[in-house]
1. Go through segment 144-189 and count every residue that is free of Cβ contacts under 8 Å to residues at least 60 places away in the same chain and under 30 Å from Leu14 (Cα atoms).
2. I'd like the full set of residues that are in a loop (DSSP other than H, G, I, E, B) and over 17 Å from the mean Cα position of the chain (by Cα), limited to segment 234-266.
3. Going by what's in this entry, would Pro213 be described as part of a loop (DSSP other than H, G, I, E, B), buried (at least 18 other Cβ atoms within 10 Å of the Cβ) and not hydrophobic (A, V, I, L, M, F, W, C)?
4. Counting only residues that are touching a strand residue (DSSP E or B) at 6+ places or on another chain (Cβ under 8 Å) and of a type outside the set (Val, Ile, Thr), which one in segment 168-190 is nearest to Tyr236 (Cα to Cα)?
5. Quick one: count up the residues across segment 96-127 that are surrounded by fewer than 21 Cβ atoms within 10 Å (Cβ to Cβ), in contact with a strand residue (DSSP E or B) (Cβ under 6 Å, 6 or more places away or on another chain) and either modelled with pLDDT under 95 or among the β-branched types (Val, Ile, Thr) (or both).
6. Between Glu312, Glu266, which is in the same structural domain as Phe222 (by TED's automatic domain parsing) and either at pLDDT 95 or above or out of contact with any Cys (no Cβ under 6 Å at 6 or more places or on another chain) (or both)?
7. Could you give every pair whose Cβ atoms fall below 8 Å, whose first residue belongs to segment 199-228 and is assigned by TED's automatic domain parsing to the domain that holds Cys573 and in contact (Cβ under 8 Å) with a residue 24 or more places away in the chain, and whose second residue is of a type in the set (Asp, Glu) and surrounded by fewer than 17 Cβ atoms within 10 Å (Cβ to Cβ), counting only separations of at least 6 or pairs across chains?
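The values are calculated or read from the model by the stated rules, or taken from the named source; none is laboratory data. In this text the structure is predicted, and so the values were computed from the model without any measurement. All Cβ positions, glycine included, derive from the backbone under ideal geometry; neighbour counts span all protein chains shown.
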Amino acid sequence: MADYMVETGKALPLGAALTDRGVNFSIFSRHAEEVTLILFEGAEKNSRHTEIKLDKQKNRSGDIWHCHIPGLAEGTCYLYRVNGPYSPEKGLRFNPHKALLDPYAKALTPLCGWNMGGALGYDLADPAGDLSFSLTDNIQDQPRCVVVNNEFDWQGDLPLNYPLRFSVLYETHIKGLTAHPNSGVEHKGTYRGVIEKIPFFQELGVTSLEFLPLQEFNEEEFPRINPRTGEFLVNYWGYSTVAFFAPKGSYAADASPGGQVREFKEMVRELHKAGLEVILDIVFNHTAEGNERGPTFSFRGLDNQIYYILNENRRYYQNYSGCGNTLNCNHPVVRQFIIDCLHYWVTEMHVDGFRFDLGSILGRDQRGRLMENPPTLELIAEDPVLSHTKIIAEAWDAGGAYQVGWFPGGRWAEWNDRFRDDVRLFWRGDPRQTRHLATRLAGSSDLYLRDGRKPFHSINFITSHDGFTLRDLVSYNHKHNEDNGEENRDGSDNNCSYNNGAEGPTVDLLVEQIRERLIKNFIATMMVSLGTPMLLGGDEMGRTQRGNNNAYCQDNELSWYDWSLPRKNAGLCRFVREMIAFRLRHHGFTRPEFYTGRDGNYNAIPDITWFDESGKTPDWENLGPCLAMRMDGSKADILADKDDNDFFIMFNGGNRKMVFFVCAPLEEKRWVRAVDTALSSPDDILLPGQETELIYPDRYTVQARSMVILISKER
C-alpha cells in the first residue's frame, strides 16, 4: 500500500480540491468521534487502498475534518469511514464499517452493479431490524468519489440567462432524447448525443433545455420486474439523488474517471454557442438513502440528525417527499450545502437555472412545519451569484403543502398546474370552464398579481414528464401503467384527458384528425398565454408512452424519443415550430406586465377586451364553450417601448362549429388569418406575409374544438 504524507490541510472549501502540490480533503461531521480518509490506487473495483485516520487536534477545525495529501492528482479515488454513536432512537446512525461518499464529490465511479444492500447500517437478518448494527464491511461494493480538475477551455462561454418572458422551455431527459436506435446520433443516450441534436432544437426554436435530474443516481435501486416483458425495471427519471455535485457518469460517452464532468461542460458550452440555455431539475427534498431501513452511503453516516428531518421519535424520518426521508433544508449546515451546490453548477458548470423538485420542502423548518419566510428560499432568491439564474419551483410536496401562487422568496417562478388543468378541462369540453381559460390566458393574475410578481413567473405547461404525453392526453381516458409492475395502482387518476372515441391507437381517421387538432389547440393556447411556456420534449413530434402516465421506471423505447416521428408527423412538427416562432416574434405575448383592461392613452383601446361568439361582453357565470379576445398591440412591451400587431383570437371548445362576430380593427387596419387549428398543414399556421384575407371581414366560422388567430395588418 502507498505511504502518504498527511498534512493539516484547510477546512474550506469542502470536498476534494486540487492544489499545486496535491489534494485537500474536507468534510463536515459535528457528532463524529473519528473520521478516516480512504485512498484507492485506482478506480477498479478491487484496487488496493490505504486508510488514513484524521487527527482530532491537527485535522479538525470546528465541525470540519480536513487534511492535505501531497502528490495526489486528478482522478484520485476516495471514500470515508466515520465513527460515532449508533443510537437510532436518538437519531444517530454512525457505522464505521460502511464506506461513505463525500457529499461534495464532483464525480463518482460507475454505479452500475452497486450493491446498496451492502450499505445497510444494520443487520438485515436481525429481528431488531434497523436497531441492530451491521459489522459487514462494504468498501469493495461502494462507488468511489473521484477528484476532478475544474480547469476547462470554456472558450469565453458564460451562462446565457435569457429573461424568463422571452424563454420557451423544453423539458427533456438526457438519455431518452437520443437512446433510441433510430436517433441518428453516434453517442446515444449521452451528453454528446445532446450536442448532436442541437440543429433539431435550433429549428424547433426553443430557448432553454430543462433536463430531468442528472446528478448522480442509482438506476438499479428498484427491485421490481416488468410483468409483460420479464425485464428488470430501473430508476429512469433520476429523482433519487446520490451525489448532488456530480453529473451522472452513465450519461457520458467518456468513461474515464471524471470524464463525465468534462463531457457535461462540453455539452453546456456547445448548447450556449447555439443559443440554448441549460436548466437542471434538482432534487433537494430528499436523498436516495430512504427511510430508517434504507442504506447508509453518505449523509446518514455523516450526521443523520443534521441532514434529515426526524420524527419526534428520532428513530424515524419525516417523509414529506413521499420517498422515505426529507432533507433538513433550513438547518444552517444543509442550507449552506444547498447554496454551495447551486454556486458550483452556476460558476463551474455554467448552467442557466434550476427547477426545484417538490420545492415546498425547502420552506419547511427543522420540525417539518411550513415557514412564513423560509431562510433557504429567501437566500436562494437573494443570493448575488444566482441573481440572474432562473429559479423555478414545483410549489408543492407530498406532505400536503400546496403553494402555487404563494411560494415565498420573492422572485421565484412556479410550475403552474392550475394552468395545466384549466386548459385541459376547457379543451376536453367540460362545462363552465371558459372563464378559467380566460384567467390562464391573461397570465394567472389571480395567483401572481397579489404579491408583486409578473406574468412570466407562471411556468405554463400542459404536460410534463410526470403524466401523459400530449399525444396520450388526447388518446386515453385512463392510465395504462401495467408495465410498471404495480398493478396499475401508481400514477395519477386525475388526468383531465379524453380519448376522443377510441382508447389508444385507432385506424379511425376522424378520431385521429380531432386528436391532432386538439394537440394544436393546446400548443397554440400555451403560446398565446401570458407566462413562460414549457413544452414536454417529444410532444412536438407526437411521442406516445402508450397510456403510461408514470414512466419513471421505463428506460426503454416506451420513454425514448422515436426519431421516425418527426417525418411521420411532419405537419404537427411544423405547427409547433411555427407557433413558437409566432410567439417570440410578437411582443404582445411576452409583455412584462399583466393586462389592465384599460387603454394606455395611446389609441383609447383597452389592452385586452373579451367577447362571446356574438361579439358581446361575456356573461362569465353563464358563458358557453366559446370565447374571443382582442389584444391591443400598442405599447405591448412597455419596457422596450415597442408596439406589436393587434390580435383577435377565437376559442371554440364546443362540439359544433360556431360563427364568431369579429370586432372592427382600427382605422386603416384589416384582420388577416394567421392560425386556424382546424385546417391541415400548412394552412393551419401561415408564415409572415402569407396570412389570408377574411372572406367576411366581420365574422369567421370557427370549427368545433378549434381556435383561430387573426392579426392586424395595414390596409
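1. Start the filter on segment 144-189 by keeping residues that are free of Cβ contacts under 8 Å to residues at least 60 places away in the same chain, which leaves 151, 153, 156, 181, 185-186, 188.
Adding the requirement that they be under 30 Å from Leu14 (Cα atoms) leaves 151, 153, 156.
Of the residues in segment 144-189, 3 are free of Cβ contacts under 8 Å to residues at least 60 places away in the same chain and under 30 Å from Leu14 (Cα atoms).
2. Start the filter on segment 234-266 by keeping residues that are in a loop (DSSP other than H, G, I, E, B), which leaves 234-240, 248, 252-258.
The answer is Val234, Ala252, Ala253, Asp254, Ala255, Ser256, Pro257, Gly258.
3. Details: part of a loop (DSSP other than H, G, I, E, B): yes; buried (at least 18 other Cβ atoms within 10 Å of the Cβ): yes; not hydrophobic (A, V, I, L, M, F, W, C): yes.
In short, yes.
4. At the first step, the residues of segment 168-190 found to be touching a strand residue (DSSP E or B) at 6+ places or on another chain (Cβ under 8 Å) are 168-174.
Restricting the remaining residues to those that are of a type outside the set (Val, Ile, Thr) gives 169-171, 173.
Details: Leu169: 21, Tyr170: 18, Glu171: 15, His173: 9 Å.
Selected residue: His173.
5. Qualifying residue count for the region: 0.
6. When all the criteria are applied, what remains is Glu266.
7. Qualifying pairs under 8 Å: Arg224/Glu486; Ile225/Glu231; Pro227/Glu482; Arg228/Glu482.
Quick grid of which residues meet (1) free of Cβ contacts under 8 Å to residues at least 40 places away in the same chain; (2) within 20 Å of Ser529 (Cα to Cα):
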| site | (1), (2) |
| --- | --- |
| Met631 | no, yes |
| Asn655 | no, no |
| Phe661 | no, no |
| Arg670 | no, no |
| Gly689 | yes, no |
| Val708 | no, yes |
| Ser712 | no, yes |
